[in-house]
Structures are given as C-alpha cells and as structure tokens.
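This report refers to the structure that appears directly beneath it.
Derivation of every value follows stated rules applied to the coordinates shown; laboratory data play no part. As the structure is a computational prediction, the values presented were derived from the model and not from experiment. Don't worry about glycine lacking a Cβ; one is built from the backbone with ideal geometry, like all the others, and counts go over all protein chains shown.
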C-alpha cells in the first residue's frame, strides 16, 4: 500500500503532510504544459491533434466527465495559446467555461494571490486558464488553496489512540490510510472501505460497483451501529446501486474518500458530519456490519 506521509519538505494540505514528489505530480496535472481545449471544429485552431485518451488525472483536472458536449479537442501549449490574438483567446476560454470544462477559474478568485493585471490580460479579463508559468514562485500556495477550497480537512489527528486500537482488529488498514492522498486519480470510496478492512491493493484501485457489492455480500451483514468500528455506510441510488461508501472507526468517527480525483484525500470526519456532507436527494443510506475475520 502506498501512502504519502511526511518525507522531506512536506507541506500541510487539509491537515495532511504532502511530500515534494506528490506536489510535483500535482502541479503537472493542475497546470499541464500542454492542455486540451474543447471546440466545435479543431481545424479552426492552430493547435495539434493528439492521439489517445486523456489520462485519468487530466480527465479529472478538466472535469471532462461533467461536460455534456465536449466537442473536438485541440491541444495548445502556453506559447501557442498566447500567440493567438486576444479576441481569439477570449473566445476560446469563454467556450471552455460554457462547455463546463474544469480549470477555467475567475480572475476575482485569484487576484489576491496573483497579479490581477496578468490574469486579466490572458483572455477576456474575467476568466483564465492555468499554465506552469502562473505557478512559478506560488506553486504550493496555489495548489493548497485550490484543493482546500474543494475538500474538507481531515480530522484523523483528533481520533484517540484508544479508538485506533479498538478498530484495528476489524479494520487493519484504516489507520495507515486515514489522512493520506492517493498517488494518482482512480482510487475511490469503495476501494478505500475495502482497503481499510484489509483487502490487499484495494487502496490503489478504482473499485467498481459490482465488485464492491460482491465484497459487501461476502464480508458484511445488514445492520450496524455508528459508534462501533466496522459499520459500512452505503449510499444507494434510486436504481438501488451503491454510489458512495464510508466506514466507521468507532467512537463517532468514520473514514471516506469522497471521490476518485487526484486531489481528494482519505478523510476522517465525525460520523454525523460525514453523513450530513453526503446527503443527496433520492439517495438512501444503508448500514452493513463487517463480519470479524
């Protein structure tokens, strides 16, 4: 199991020490040197085509999964982008925002950290896109601010030692996982629960619904108490499919990974806080109790 705990020159993000190697990878995913722009007709733009699908990390950075109509893709680096007339850059960036591409922030959200004139000059004066040059001298502050604006801080340091000791027999992987970031996109809520319960390699995998349901049937029984360790919380969709999962550590604490994205940590929260954060219309919360092994 890979974890990114304190190494050298760690920076605290959401209450979690993040080492230099992982922050280096984050910066390449957050502001890639060459990035995709989604347009109606790629031949209208000077960028180049690129074969193959986006990596999982870039799919998450640009939130391709939420775009109803991605269109065609043109790849531009910063020099090619800035060589366009400003009116064309403005049109291109507005189109990304209209298509709901991720990583198209507003100038207002970042003008206290970065030079607002530089940000306004990039496109239409209201929105911009991230390039490596914008991170120069500000990388860690930008990454930290961006991630902390999206995710909840982990409270793993508040969990008493007695709670960790109590949950260890039934959740042997929980303490090592809690308060860590995965090394890349992919690892999700289902894999986090299974890994906490001791399933080898589950922490590093994108575990799909059918595999998680098989594990639930094999390793759990219906029911469970939120104050006890090993109660698996499962949110079911209106189609009776699991859409999210977490597991209790005992004494009112639980651990989850809210999403498969590279910036989402394995977070410890109070059980009530975690349940409230995951409440969504049409979803039903079920409880399953881990069978001691």
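Remarks
- Calculated mean residue ellipticity, 222 nm, the chain: -9000 deg cm²/dmol, from DSSP H runs (n ≥ 4) at -39500 (n - 2.57) each, averaged per residue and rounded to 500.
- Global geometry of segment 122-248, whether rounded, prolate or oblate, following the gyration tensor of its Cα atoms and the 1.5 cut on a/c: prolate
- In degrees, nearest ten, helix 20-30 long axis to first principal axis of the chain (Cα): 60
- Theoretical FRET efficiency, 1/(1+(r/R0)^6), r = Cβ-Cβ of residue 40 and residue 211, R0 45 Å, to 0.05: 0.70
- Pairwise centroid distance, computed over Cα atoms, of segment 212-277 with segment 76-148, Å: 36
- Projecting label points 7 angstrom from Cα along Cα→Cβ for residue 80 and residue 276 puts them 4.8 nm apart.
- Distance in nm between pseudo-label sites at residue 221 and residue 145 (7 Å out along the Cβ direction from Cα): 5.3
- With the convex hull of the Cα atoms taken as the outline of segment 229-287, the averaged projected area works out to 4.0 nm².
- Enclosed volume per residue, in Å³, of the convex hull spanned by Cα atoms of segment 32-130: 99
- Cα-based helix-to-principal-axis angle, 86-98 vs the chain, degrees rounded to 10: 30
- With respect to the chain, whose longest principal axis is taken over its alpha-carbon atoms, helix 209-219 is tilted by about 20°.
- Ranked by the mean number of other Cβ atoms within 10 Å per residue, highest first, peptides 185-195, 254-264 order as 185-195, 254-264.
- Length gained when the stretch residue 283-residue 12 is fully extended (0.36 nm per residue, less Cα-Cα span): 94.2 nm
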